[in-house]
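Since every read-out is calculated from the coordinates, none of them should be taken as a lab result. Quantities reported herein were computed from a predicted structural model and do not represent experimental measurements. When we count neighbours, we look across all protein chains shown, and the Cβ atoms used for this are built from the backbone with ideal geometry, even at glycine.
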Amino acid sequence: MTDREFEITNDHLTLLRNAHWSWNDCEFGAPTIDPKRPYGNSSVIRDIAELLDIDLDDLDRDREDELSELHRETLTVLDIALATGSFAPGTYRYRADGWERVGDGATVLDVRMGENDAGAATIREYLTALLTALWSTGEGFSGKRPFGNSGWDWDLIAALAKAGRITATFDEDGLLDRLDSDQERKGQRLIAEAIRALGQVGR
């Protein structure tokens, strides 16, 4: 699948919240939405219209086609929700490493940090401390050891992993043990978004 964007709306979420789920015993079995009566009745378009407070008198062929497409899009919404752990409206982008919410930098800023040399409680505080160190040190700033030790960027990546924003495993000491390259790229992209969001505070 190539890069693409998808907009989750409150209408999508309303449909899924009112979907009729059951257990399908076919083969090994799996949870499923009733394909005949996904929202309770066999008149699916009517059910959708009522759930979305659409006047039934306003239903023409074009409007019915729009509601049918909205119903089909709930599959993508479920895919995004399970991949991101987010059941919220917004714009989501699919890349090679999966779905992510566009403009997620503002939420990344509030991710809690583990123990770190900057003494920061959140990614926001860590990035602020990093910029402060750069400003106060000037040309003597060490990109390798801004707070005295190397590997500082992994403190940020580890925080994202522990918050569930990227996928990684940790050893018995709580240190990063395995991080696939696609998840590392995703983490770097999220931190870049967080830096941009830091500059937009108050706008």
**OP:** Take the alpha carbon atoms of segment 59-94, find their center, do the same for segment 1-43, and report the distance between the two centers in whole angstrom.
**Re:** 10
**OP:** Per DSSP H run of at least 4 residues, take -39500 (n - 2.57); add these up for the chain, divide by its residues and hand me the 222 nm value, nearest 500 deg cm²/dmol.
**Re:** -13500 deg cm²/dmol
**OP:** Calculate the dipole size of segment 112-203 relative to its Cα centre from +1 charges on Lys and Arg beta carbons and -1 charges on Asp and Glu beta carbons; express the result in debye to the nearest 20.
**Re:** 540
**OP:** Would you list the P(r) distribution for segment 105-198, with all Cα-Cα distances sorted into 10 Å bins from 0 and each bin expressed as a whole %?
**Re:** 17, 49, 30, 4
Original post:
Cross-link partners among lysines for Lys186, C-alpha distance below 27 Å, same-chain residues fewer than 8 apart left out?
Top reply: Lys144, Lys162
Original post:
Taking segment 100-152, which trypsin sites (Lys or Arg not before Pro) meet the DSSP loop condition and have no more than 15 other C-beta atoms within 10 Å?
Top reply: Lys144
**OP:** Would you mind working out the magnitude of the charge dipole of the chain relative to its Cα centre, with +1 at each Lys and Arg C-beta and -1 at each Asp and Glu C-beta, to the nearest 20 Debye?
**Re:** 780
Original post:
Fewest to most neighbouring Cβ within 10 Å: what's the order for Thr91, Thr167?
Top reply: Thr91, Thr167
Original post:
Under 5 Å between amide H atoms, partner at least 5 residues away or on a different chain: which partners does Thr122 have, H built in plane at 1.01 Å?
Top reply: Met113
**OP:** Using Cα extents along the principal axes in Å as the read-out, say which of [x] 71, 46, 29; [y] 62, 41, 29; [z] 50, 47, 26 was calculated from these coordinates.
**Re:** [x]
Original post:
According to a simple spin-label model (label point 7 Å from Cα along Cα-to-Cβ), what is the distance in nm between Ile195 and Asp79?
Top reply: 3.2
Subject >> Among Gly40, Gly29, Thr14 the positive-end extreme of the charge dipole of segment 4-58 (Cβ point charges) >> reply: Gly29
Original post:
With r defined as the distance between the Cβ atoms of Ser68 and Arg178 and R0 fixed at 45 Å, what FRET efficiency is calculated, to the nearest 0.05?
Top reply: 0.55
Original post:
What percent do you get for the relative contact order of the chain when only Cα pairs under 8 Å and 6+ apart count?
Top reply: 19
Original post:
At a Förster distance of 30 Å, what's the computed FRET efficiency of Gln188 paired with Glu7, Cβ-Cβ distance as r, to 0.05?
Top reply: 0.75
Original post:
Quick one: Karplus J couplings for segment 185-194, per residue in order, coefficients 6.51, -1.76, 1.60, θ = phi - 60°, nearest Hz, x for Gly and Pro?
Top reply: 4, 4, x, 4, 5, 5, 5, 4, 5, 5
Original post:
Sorting Tyr39, Tyr126 on the 10 Å Cβ count, fewest up front, what's the list?
Top reply: Tyr39, Tyr126
Original post:
Considering the chain as a Gaussian network with a 10 Å cut-off on Cα pairs, which listed residue, Asp47, Asp173, Asp182, attains the greatest mean-square fluctuation?
Top reply: Asp173
Subject >> Inter-probe distance in nm under a simple model that places probes 7 Å from Cα toward Cβ, at Arg145 and Asp171 >> reply: 2.1
**OP:** Report the charge-dipole magnitude of segment 1-103 in Debye, nearest 20, computed about the Cα centre from +1 at each Lys and Arg Cβ and -1 at each Asp and Glu Cβ.
**Re:** 440
